1. Output the residues belonging to segment A:350-370 that are of a type in the set (D, E, K, R) and either farther than 21 Å from residue B:291 by Cα or open to solvent by 50 Å² or more (accessible area, probe 1.4 Å) (or both).
2. Can you name every residue in segment A:178-207 that is more than 45 Å from the chain's Cα centre (by Cα) and either more than 22 Å from residue A:42 (Cα to Cα) or of a type in the set (Ser, Thr, Tyr) (or both)?
3. Check segment B:277-286 and report whether any residue there is in contact with an Asp or Glu (Cβ under 7 Å, 6 or more places away or on another chain), under 30 Å from residue B:333 (Cβ atoms) and part of a helix (DSSP H, G or I).
4. Looking at (1) of a type outside the set (Ser, Thr, Tyr); (2) at pLDDT below 65; (3) open to solvent by 50 Å² or more (accessible area, probe 1.4 Å), which is the only condition residue A:729 fails?
5. Within segment B:115-124, how many residues are within 10 Å of another protein chain (Cβ to nearest Cβ) and either closer than 10 Å to residue B:193 by Cβ or modelled with pLDDT under 95 (or both)?
6. Across segment A:186-209, what is the total count of residues that are open to solvent by 20 Å² or more (accessible area, probe 1.4 Å), modelled with pLDDT of 95 or more, part of a loop (DSSP other than H, G, I, E, B) and within 14 Å of another protein chain (Cβ to nearest Cβ)?
7. Any residue in segment B:176-188 that is farther than 26 Å from residue A:274 by Cβ, at the interface with another protein chain (Cβ under 8 Å from one of its Cβ atoms) and open to solvent by 10 Å² or more (accessible area, probe 1.4 Å)?
8. For the condition away from chain B (no Cβ under 14 Å), touching a residue at least 24 places away in the same chain (Cβ under 8 Å), more than 18 Å from residue B:128 (Cβ to Cβ) and crowded, with 18+ Cβ neighbours inside 10 Å, what is the one hit in A:106, A:157, A:164?
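The values are calculated or read from the model by the stated rules, or taken from the named source; none is laboratory data. The shown structure was predicted, so the numbers you read here are calculated from the model rather than taken from an experiment. When we count neighbours, we look across all protein chains shown, and the Cβ atoms used for this are built from the backbone with ideal geometry, even at glycine. In case anyone asks, the SASA skips ligands and DNA or RNA and just uses the protein heavy atoms, side chains included. Shrake-Rupley method; radii C 1.70, N 1.55, O 1.52, S 1.80 Å.
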Amino acid sequence: MTDFLLELRSEEIPARMQDRAREDLAKLFTAELAKAGLQPGELQTYATPRRLVLIARDLPAQTDAVSEETKGPKTSAPPQALEGFLRKTGLTREQLVERDGILFAVIDKPGRATADVLAAAIPAIVRAFPWPKAMRWGAASTTMESLRWVRPLQGIVALFGDAVIECEIAGITSGAATVGHRFHHPHVITIGNANDYVEKLRACHVIVDQAERRQIIALGATMAARKAGLELVQDEGLLSENAGLTEWPVPLLGRFDEAFLEVPPEVIQLTARVNQKYFVCRDAAGALANAFVCTANIDAADGGAKIVEGNRKVLAARLSDAKFFYETDLKVPLEEQAAKLDRIVFHEKLGTVADKVDRVAKLARWLVEEGIVLPSPSPLVGEGRGPSALADGKGEGDADGASAATPPHPSVASLLPPSPTRGEGNLADLAERAARLCKADLVTGMVGEFPELQGLMGGYYAAAQGEHPAVAAAIRDHYKPVGQGDDVPTDPVTVAVSLADKLDTLVGFFAAGLPPTGSKDPFALRRAMLAAQSLTSNNDLRFRLSDAVTFVIDILAPKEDTGRRWIWGEKEFAARDVATGIVASPQTLVDEAATSAALTNFFADRLKVQQREAGVRHDLIDAVFALGGEDDLVRLLARVRALQGFVGTEDGANLLAGYKRAANILKKEGFVAPAQAGAALPPGETGATNATAPASAGATASGYTPEPAETALAAALDAAEPAAAAAIEREDFEAAMAALATLRAPIDAFFESVIVNDPEPAKRTARLGLLDRVRAAVHNVADFSKIEG
Amino acid sequence: MSRTPYKRSVQADGAAARPSALLKFPPPCAKARGVTDRPLSFQGMILKLHEYWSQHGCLILQAYDMEMGAGTFHTATTLRALGPKPWNAAFVQPCRRPTDGRYGENPNRLQHYYQYQVILKPSPSNLQELYLGSLAAIGIDPLVHDIRFVEDDWESPTLGAWGLGWEVWCDGMEVTQFTYFQQMGGFDMKPVAGELTYGLERLAMYVQNVDNVYDLAFNDAGVTYGEVFHENEVEMSTWNFEVADTDSLFDQFRKHVAECENSLAAKLPIPAYEQAIKASHVFNLLQARGVISVAERQAYMGRVRDLAKGSCQAWMDKNAEGWKAEYPAWSAA
C-alpha cells in the first residue's frame, strides 16, 4: 500500500473559499478513483492561501483485474450475427465461450497501474474544480478554452510513494518541487513523499494544516491580550479568515489612542473587524479596550514592531475618520438631518425618503390610535442595563428580547430622563416622533461611511439629544427583524415604527407596480413581508391587512376628483430629465383593488414560507385563505393551528373524507341549493343564520319520510351549526372544530345507509340539500377542498 | 541574485528577458546610489517605479490629459486592454474623486491624488514576483513589513469591466490593487491583462513614515506635498461641494452624451471614449454637489456605461479585422 500526495499551488486563494475547496478536492478525488474501482484509505486535505493539498493513504499499486463478460448470439444464430459480434469484440470464434447454447465474449481486463489512474485523475480534477469564481490568465487566455482556476495555478506536486506522477495541465508539469513561505523561504524545495510533506514545509515557514494555524492564532491572540491585562473578544469568523490569509501566522497586539474610545464601541469593532480583520479586546470591567490584535504572516526581523506600528496607523486613520463623523453628527439635531431627507430619493416612483417618513409617521400613529399596537403593560423603558455588552462574534446587536428597552450606550444612558411609556396618547406621540426621526441618520456622516450602522447611529444620536428612551430604542431597532432568526422587537414604540416602515414599503412598491418577480426581489419585499408578519404574530397585533393597505394608499395616492389615484413620484427628478430620456417618467396610476389583491396573495405566499419552518402545512393555510376576506394574521394563524390539530385527529381525518365525498357528489350533480333551504350560506360572519333554518322542517316539507340516518344527520347539523358559529364568533377555533367533529359519525352513517341519488327527485334534492349543509358547515372553519390527503 | 528561484522573465512580451532583482532587499543598485539612508521622496518613488518597470519592458507613458476617477480610464488601459496585441505600459495618472475632498483638513483623503498604473498583456506568469520586486525597489522589505494578498474582486460598472485579484496590504494598509482583467467594455479579455494600481500617496506616506499626506517630502530639497497641493485641495473641495453650477453641469452632461453619440456615429472610438470620460467626471461632480439621488444615480451611471461600452465596441469593430489577420487564433466574440 502506498500514499499519494497532491499539492496544487496557486496565487493567493481567497480565505473564504478554502474550506469548501478542501471538501471539493476530496469529493472529486474520491469520485475519480471510484471510476477505476479504487478506494483510498484515509484522506487528508489541507488549504493555505497558496496551496490546496490532498494526501490519500494506502492505495494499492494496481487496480484489481476485472473479467468482463459480454453476451453474444445463440449458437443457432445466422452467421451474419456471429460475424457482427466478432467484429464488435475484436475476438475470433475460438475465443468465445459457449454456455447453454449462447456465445459469450470474455475479456479479461488486467489491473491498471494506480499511477496511471492518478495521472489521468489529476487533470480531470483540476479541470472540473467548482470554484465559486474562476478566472483565466496569461498568454493561453487568448482563447476562451484556456484553463480556469481561482487564481493563476503555479505548480503541481504529485507523488505516489516516492515517484512523481507525471501529468501536465495548461503548460504546468507535475513534479516533486514546491516553494516554501513567500518571503521566509521562496526557494524551491523538493518533497520526498506524502510523509515528509508537512514537516518539510514547516521547516520552510509554512504551517500546512489550517486547524493548526487557527489554533496558533487563537492561542497567540488570547495570550497577547492576556499579557496586556486584557481579554480577547473571541471571534470564530476572524479566526478562520486570518488562518486563510497566512501560512505562518503571528498574532501581534497593538494599542490605539484612548481618545477613540469616545466613538461607540460597535463602530470601533466594526472598523477593526470588517476593514482590517483585527480582533478587539475587553478590559477587566468588560468595556472595549484601546487594543487590537492583528495577525501577521511573517516572523518579522524586528519582532513585529514596524508591523504593529503600521497597523496602528491604518486603524487610527480609520478611527479618526469615524470620530470626526461622530462628533460632527452630534452637533446636528436629528430634526435638522431629517429635513435633508427630501434630497434622497427613496424610489423614483415613490418619491423621497422624506415622503416615506411622513407616511410611516402617520401610519405608526394610526397603528396606535386604532388600538392595534397597545401600550406595554409594564414600564419596560427607562431602565438601563449596566454597561453595554460588547458582543462576541459578529458584534451586532443584543441577543435577547429585552434589548429594545435598553438605552444604546452606557455613557448616554445616564442623561436620559426616566419617563416610561404609559397611555395611548403618549404612545401615539412617541411612535410618531420616533418615526419622524428614524431615517435621519441616513444623512449623517457616520452612516454615509458605514451604511451597516444605519439605525444604530440614529439611536445614539437620539439618546444624546435627549429623546425619550423608547424613541431612541425605536430608531435604533426599527429595521428589525432583518431576516428570519433576527430578534423581533417587542417595545410598542419600536413595533409601531418598524411595522409602519415595512407596510409602507410593501404597499408602495406593489401600488407602483413593482412587486418581486421570479427570483428578482430588488427591494427586498419578501423580507419586508416576513418581517411585518413576525411583528404582527409575535406581538399579537390585531388588524386586517386590507385596512392598513387602504390607509397607506390614501396618503400615497389620494383619490382625485376624476376618481383616479396617482403616485406622483419624485417631482424634481421628473421635471429635469424625463424630457432628455435619461430617466423614465416616475408617475404611476394606482389600481387600488389590484394592489390589495396582489398584496393579499403575496401575504399568503410569504406566510406559507414562514410557517413551513414552524411545521404548518401550506394546504391548511390555503384552506383558510380560500374562505376569502381573512387577512387578520393573528386570527388566520389561530384558525390554521386549530385546523392542523383537527385534521391530525381521527375525527378530523374522517370528517375530511366525508366532506370530500359530499363535495364530489354535489359537484357531480351540479347541485345548487334552493334559496329557501337556507343552505350554502357564505362562510364566516353569516354562519349564525344557518342555524335558524331547521333541517327537519325542510325534510317534512318535501313530503317523504326521511330515513333515520338522514334525520340523525339533520339533527347533528342543527346542533353543530350554531355551536360552530358561536365558537367562531368568539374566535375559539378549537371549539368550532369540536362542534364539527360531532358531524363525523352521522355523516359516516348517512353514507352507509342512504342512497343520495334516489330516483325520486324530492328525496334526491333533500339529500343533496343535506350534503350541501354539511359542506357549508365545514366552510365556516375552512375550505376543506383545499386540504390535501 | 542567481540564488533566487524567480528567474523567469516577463513572458510573452519579449522585451524583458533580463534577470530581475526580485525579492532582493535592499535592491542591489540601491547602495550605490545612496538612497538607503533616507526614504524616497514622492517624486523619487515615481522615478524609481518608472525605472523598475522600464527595466521590465514597460513603455513609460504620461498621464491622460483629462479628469478621470481612476487610472483604469486611461486609454492605455481600457482600449489597449482589448484585442490580442501584447501591451506593457506604466504611467502615473492623476485621479479626481470630488466626493473625497476634505478641504485639505483630512490627513488621508484627497479629491485629487495619483495612481501609478502598470498594465501587462498578456499577464506574465511571474506577475506577483515582479510586483513584489517593485516594492523592494522603493524600499519595502517583506521580512520587516507584512505584505498580504487579500481577496478583492474588482468591478467597474461604468466601464463594463471586472477582474479577479487582490488588494495588496502592507502592514494592514491597502497599497495596491492587483487585478487580472477578465472583461472590459463587456468583452472577454483575450488574452487576460494584469493591472497593478499603486496608491502613490499612501505608499509614500508609508515609506516616509509620515501620518499626514501634506507632510510628505515631495523632493529631497524640502518641498512638501502640502506646499504643492494643499491650496488646490481647499479650493477644489469648495468648488466641488459648494460652488460648481449644477445647471451648467447637467447641461454639460447632456452635451457630452450627445457628442459621444455623434462621434460613435462617425466611427471614431477614441473621441467617443473621451466624451464618455468627460460625462463620467461631470456625473461625479454632480454627486459631490449632492444633487443626484440614489435612483438617478443608477440611471446616470447606466448612461455613462452605455457610452463607455459603445466606445469599446467601436474600438473592437474598427480593429478586429487587422487583429484577426495578425493573430489567427484570436476571435472577437
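1. Kept after step one, since they are of a type in the set (D, E, K, R), are these residues of segment A:350-370: A:355-356, A:358-359, A:362, A:365, A:369-370.
Within segment A:350-370, A:355, A:358, A:359, A:362, A:365, A:369, A:370 qualify.
2. Of everything in segment A:178-207, those that are more than 45 Å from the chain's Cα centre (by Cα) and either more than 22 Å from residue A:42 (Cα to Cα) or of a type in the set (Ser, Thr, Tyr) (or both) turn out to be A:187, A:188, A:189, A:190.
3. Our first condition is that a residue be in contact with an Asp or Glu (Cβ under 7 Å, 6 or more places away or on another chain); within segment B:277-286, this holds for B:281.
Remaining after also requiring under 30 Å from residue B:333 (Cβ atoms): none.
No; the residues of segment B:277-286 include none that is in contact with an Asp or Glu (Cβ under 7 Å, 6 or more places away or on another chain), under 30 Å from residue B:333 (Cβ atoms) and part of a helix (DSSP H, G or I).
4. Unmet for residue A:729, out of (1) of a type outside the set (Ser, Thr, Tyr); (2) at pLDDT below 65; (3) open to solvent by 50 Å² or more (accessible area, probe 1.4 Å): (2).
5. 3
6. The total comes to 1.
7. Yes, because at least one residue in segment B:176-188 is farther than 26 Å from residue A:274 by Cβ, at the interface with another protein chain (Cβ under 8 Å from one of its Cβ atoms) and open to solvent by 10 Å² or more (accessible area, probe 1.4 Å).
8. Working: A:106 fails: crowded, with 18+ Cβ neighbours inside 10 Å; A:164 fails: touching a residue at least 24 places away in the same chain (Cβ under 8 Å).
Just one listed residue meets the conditions, A:157.
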